[in-house]
Amino acid sequence: MTKGHVLVTGGAGFIGSHLVDYLLGRGFEVTVLDCLLDQVHGDAEKDAQGWPVYLNRKAKRIKGNILDDGVFEASLTGITHLAHLAASVGVGQSMTNIVEYTRNNTMAAAVILEVLSRMPLDADGNHPIKRMVVASSMSIYGEGEYEIEGTGDSTAPELRSHEQLAERSWELFTGEGAKLIPVPTTEKKLLQPASIYAVNKRDHEEMFLSVGRALNIPTSALRLFNAYGSRQALSNPYTGVAAIFISRLLNDQPPLVFEDGEQKRDFVHVMDVANAFATILESDKRVWDVFNVGSGKSITVNDIARTLARLLQKNIAPDILQKYRVGDIRHCFADISKIRDVFGVTPQRDFEEGMAELIEWVKTAKKPVDKTAVSMAELSSSKLMV
């Protein structure tokens, strides 16, 4: 007897496919709904039907777009749990493709939730979907949390001004000139989304939580920090920074680093992300809330570039551009105590070990095409990179 039947939207993608493996391993049935966008799946080896060969054969597959009439409804047969990961992903690209991102992200979420709101209840008055988990993003925070140097007082600063960034002054200060020191960001931090993608993800959270409460479906929104690992789209210039850097290094080009490279981020292994989703879907706790999913540790972008160069045995230093992208934040890394305390989820994979594993996978994958110049040109022409 299975634990239930999970529909994973975007289940053929980087995170989704790992989640499929976890769910099947824990005794769930799984159906994948994915439209197989070329930007996401262009590098992957595919079967005769166009599905990535890494996708678990035990999962039922439906190729379709949530926005097309009847597609989502048709995928719900027998479904008891929902994991919504399908989305257009890319902070920079979202600022030039605003309509596309809002349609694929916010409107697709609206389609899902409206369909769920119209489903008939069972004989006991319960909704057929027993639990939902939706992928959110750390990008909705804007800047992370800080303390004022010398006082230890907590603060949530505004985004840096164009004037400050034009002066190449990268760090944050109070109005009185005191330096702000980055600290782990909690879920209570004020949300200041600085891109269309981030706004879309905030919409995801609020839409799913509000409808989940109305339908009495326990719902969690997972604020994912920088996920990395096997099955990333290495030729997608709008994907995670680790994949972009690897693509550059494998083509004997230096990683391009914005600002001075000392901005701090939180990198979490994709299997730790998949475990967080699977654990919550498996739980019987009746929770409607948001949770950080990260490593709980910070690393600078420069250190990421140097680590990858060393692991790839490339004697190539990063190119520090001293340029900025509109909407970029300085520091943000996760406080992960909430998801640990509520669901017992803790990351298991060390950064260096995880990156070495990623490199081994890259060696077996199709050599990526470096499309960084394309994305940089788009940002520059749109006045989003200065």
Of the candidates 185, 102, 307, which one comes out as most mobile in a Gaussian network treatment of the chain with C-alpha springs shorter than 10 Å?
307
Phi-derived 3J(HN,Hα) across the stretch 216-224 with the Karplus relation (6.51, -1.76, 1.60, θ = phi - 60°), rounded Hz, x for Gly and Pro, is 6, 9, x, 9, 10, 10, 9, 7, 7
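Apply the a/c threshold of 1.5 to the C-alpha gyration tensor of the stretch 82-157 and tell me whether it is rounded, prolate or oblate.
Numbers: a/c = 4.19, a/b = 1.66, b/c = 2.52.
It is oblate, given that a/c is not under 1.5 and a/b is not larger than b/c.
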Please compute the modelled spin-label separation between residue 154 and residue 60, points set 7 Å along Cα→Cβ, answer in nm with one decimal.
4.5 nm
Going highest first, how would you order 250-259, 155-164 by mean Cβ packing within 10 Å?
250-259, 155-164
Indicate the gyration tensor shape class of the stretch 210-342 (rounded, prolate or oblate), computed on the Cα atoms with a ≥ b ≥ c the square roots of the eigenvalues: a/c under 1.5 is rounded; otherwise a/b larger than b/c is prolate and the rest oblate.
prolate
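Explain nothing, just the number: dipole magnitude of the stretch 181-301 about its Cα centre with +1 on each Lys and Arg Cβ and -1 on each Asp and Glu Cβ, in debye rounded to the nearest 20.
Numbers: 13 positive and 13 negative charges, 38 e Å.
Its charge dipole is roughly 180 debye.
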So the label point goes 7 Å from the Cα of residue 299 along Cα→C-beta, right? Which residues of the stretch 14-57 then have their backbone N under 14 Å from it?
none
Under the rule a/c < 1.5 gives rounded, and otherwise a/b versus b/c splits prolate from oblate, where does the stretch 1-131 land using the Cα gyration tensor?
oblate
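If you take the beta carbon distance between residue 260 and residue 348 as r and set R0 to 41 Å, what does 1/(1 + (r/R0)^6) give as a FRET efficiency, to the nearest 0.05? Present the calculation step by step, with values, prior to reporting the outcome.
Working: r = 32 Å, r/R0 = 0.78.
FRET efficiency, residue 260 to residue 348: 0.80.
Under the 0.36 nm per residue contour assumption, what length would be gained going from the current alpha-carbon distance of residue 286 and residue 124 to full extension?
Details: separation 162, 0.36 × 162 = 58.32 nm, distance 1.75 nm.
Gain on stretching residue 286 to residue 124: 56.6 nm.
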Listed residues 120, 318, 347; largest mean-square fluctuation, Gaussian network over the chain with Cα springs below 10 Å, found at 120
Given the candidates 40, 214, 292, the one whose Cα lies deepest towards the positive end of the charge dipole of the chain, counting +1 at each Lys or Arg C-beta and -1 at each Asp or Glu C-beta, is 40
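Apply 1/(1 + (r/R0)^6) to the Cβ-Cβ distance of residue 107 and residue 364, taking R0 = 45 Å, and write down the FRET efficiency to the nearest 0.05. Before the final figure, lay out the partial values.
Numbers: r = 37 Å, r/R0 = 0.82.
Between residue 107 and residue 364 the formula returns 0.75.
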Just to check I understand the Karplus step: with θ = phi - 60° and J = 6.51 cos²θ - 1.76 cosθ + 1.60, what whole-Hz values come out for the stretch 255-270, glycine and proline as x?
x, 8, 10, 7, 6, 9, x, 9, 5, 9, 9, 10, 10, 10, 5, 4
Under the definition of Cα pairs under 8 Å and six or more residues apart, what whole-number percent is the relative contact order of the chain?
19 percent
Would you please give the residues with an amide H less than 5 Å from that of residue 130, counting only those at least 5 places away or on a separate chain, with H modeled from the backbone geometry?
81
Between 0 and 90°, nearest 10: helix 108-117 axis offset from the chain longest Cα axis:
30 degrees
Taking the Cα of residue 46, stepping 7 Å toward and past its beta carbon, and measuring to each backbone N in the stretch 340-366: which are under 20 Å?
365-366
For the pairs 63/285; 130/264; 264/314, flag any whose C-alpha to C-alpha distance is greater than 27 Å.
63/285; 130/264
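How do the peptides 56-69, 219-232 rank, highest first, by the average count of neighbouring beta carbon atoms within 10 Å per residue?
Details: 56-69: 15.1, 219-232: 23.8.
Listed from highest to lowest mean packing, they are 219-232, 56-69.
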Placed amide H near residue 30: partners under 5 Å, 5+ positions off or other chain:
6, 60
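Report the charge-dipole magnitude of the chain in Debye, nearest 20, computed about the Cα centre from +1 at each Lys and Arg Cβ and -1 at each Asp and Glu Cβ. Don't skip to the end; give the middle numbers.
Details: 42 positive and 49 negative charges, 174 e Å.
For this selection, approximately 840 debye.
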Tilt of helix 196-214 relative to the longest C-alpha principal axis of the chain, in degrees (0 to 90, nearest 10)?
30 degrees
Sites residue 1 and residue 190 - FRET efficiency at Förster radius 41 Å, r taken between beta-carbons, to 0.05:
0.35
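What does the extension gain come out to for residue 210 and residue 316, with contour length at 0.36 nm per residue minus their alpha carbon separation?
Details: separation 106, 0.36 × 106 = 38.16 nm, distance 4.86 nm.
Length difference between fully extended and current span is 33.3 nm.
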For the stretch 314-323, in residue order, the Karplus 3J(HN,Hα) values (coefficients 6.51, -1.76, 1.60; θ = phi - 60°; whole Hz; Gly and Pro = x) are 10, 8, 10, 7, x, 8, 7, 6, 6, 10
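Per residue, how large is the accessible surface of the chain? Use a 1.4 angstrom probe and give square angstrom. Write down the numbers at each step before the final one.
Numbers: 16540 Å² over 386 residues.
Accessible area per residue, the chain: 43 Å².
The values are calculated or read from the model by the stated rules, or taken from the named source; none is laboratory data. These figures come from a predicted structure and were not determined experimentally. All Cβ positions, glycine included, derive from the backbone under ideal geometry; neighbour counts span all protein chains shown. The area values use the complete protein model at the heavy-atom level, side chains included, leaving out ligands, DNA and RNA. Shrake-Rupley method; radii C 1.70, N 1.55, O 1.52, S 1.80 Å.
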